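A.B. asks: Handing you this structure, nothing more for now.
The values are calculated or read from the model by the stated rules, or taken from the named source; none is laboratory data. Model, not experiment: these values are computed from the prediction. A quick note on method: Cβ atoms are made from the backbone with ideal geometry, for glycine too, and the neighbour counts reach across all protein chains shown. Heavy atoms of the whole protein, side chains included, go into the accessibility calculation; ligands, DNA and RNA do not. Shrake-Rupley method; radii C 1.70, N 1.55, O 1.52, S 1.80 Å.
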Amino acid sequence: QVQLVESGGGLVQPGGSLRLSCAASGSVARIHAMGWYRQAPGKERELVARIVRGAYGDRTNYEDSVKGRFTISRDDAKDIMYLQMNSLNAEDTAVYYCKAEFRRNGLGPVSESWGPGTQVTVSS
């Protein structure tokens, strides 16, 4: 019921920046949390950043290696989540995925929806 599509990936040089976008459609109002994940060759998929709707505003958390360099944000009017990535290095090279957590109804279990991913390559 929630569809996600990532965009904004590409090739950048070390020290450069990229801004990833995740466009959500469907039952967007039922989403309570979203996140960016990445998977590099030979490695498991890992959480990069997550944003959760809280009682006093959105709460965010980041993987230690990206803290201070990456920023996750949401534009509710456009139903888009962003990941601003600065000071990129070779270790950031991976396929980046967008994930949404939502409920089909108020009492139902949590469901997950994933986008197809977008490639980010950091190389000189």
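A.B. asks: Identify, please: which residue in the stretch 19-36 is open to solvent by 30 Å² or more (accessible area, probe 1.4 Å), in a strand (DSSP E or B) and out of contact with any Ser or Thr (no Cβ under 9 Å at 6 or more places or on another chain) and is, among those, modelled with the lowest pLDDT?
C.D. replies: His32
A.B. asks: Right, here's the next one. Would it be correct to say that Val48 is farther than 17 Å from Cys22 by Cα and either modelled with pLDDT of 95 or more or surrounded by 10 or more Cβ atoms within 10 Å (Cβ to Cβ) (or both)?
C.D. replies: Against the criterion (farther than 17 Å from Cys22 by Cα and either modelled with pLDDT of 95 or more or surrounded by 10 or more Cβ atoms within 10 Å (Cβ to Cβ) (or both)), Val48 does not qualify.
A.B. asks: Are any of the residues in the stretch 63-75 of a type in the set (Lys, Arg), farther than 23 Å from Gln1 by Cα, open to solvent by 20 Å² or more (accessible area, probe 1.4 Å) and in contact with a helix residue (DSSP H, G or I) (Cβ under 9 Å, 6 or more places away or on another chain)?
C.D. replies: Checking the stretch 63-75: at least one residue is of a type in the set (Lys, Arg), farther than 23 Å from Gln1 by Cα, open to solvent by 20 Å² or more (accessible area, probe 1.4 Å) and in contact with a helix residue (DSSP H, G or I) (Cβ under 9 Å, 6 or more places away or on another chain).
A.B. asks: Tell me, yes or no, whether the stretch 78-87 has at least one residue that is assigned to a strand (DSSP E or B), over 19 Å from Ser25 (Cβ atoms) and not β-branched (Val, Ile, Thr).
C.D. replies: So far as the stretch 78-87 goes, yes, one or more of its residues are assigned to a strand (DSSP E or B), over 19 Å from Ser25 (Cβ atoms) and not β-branched (Val, Ile, Thr).
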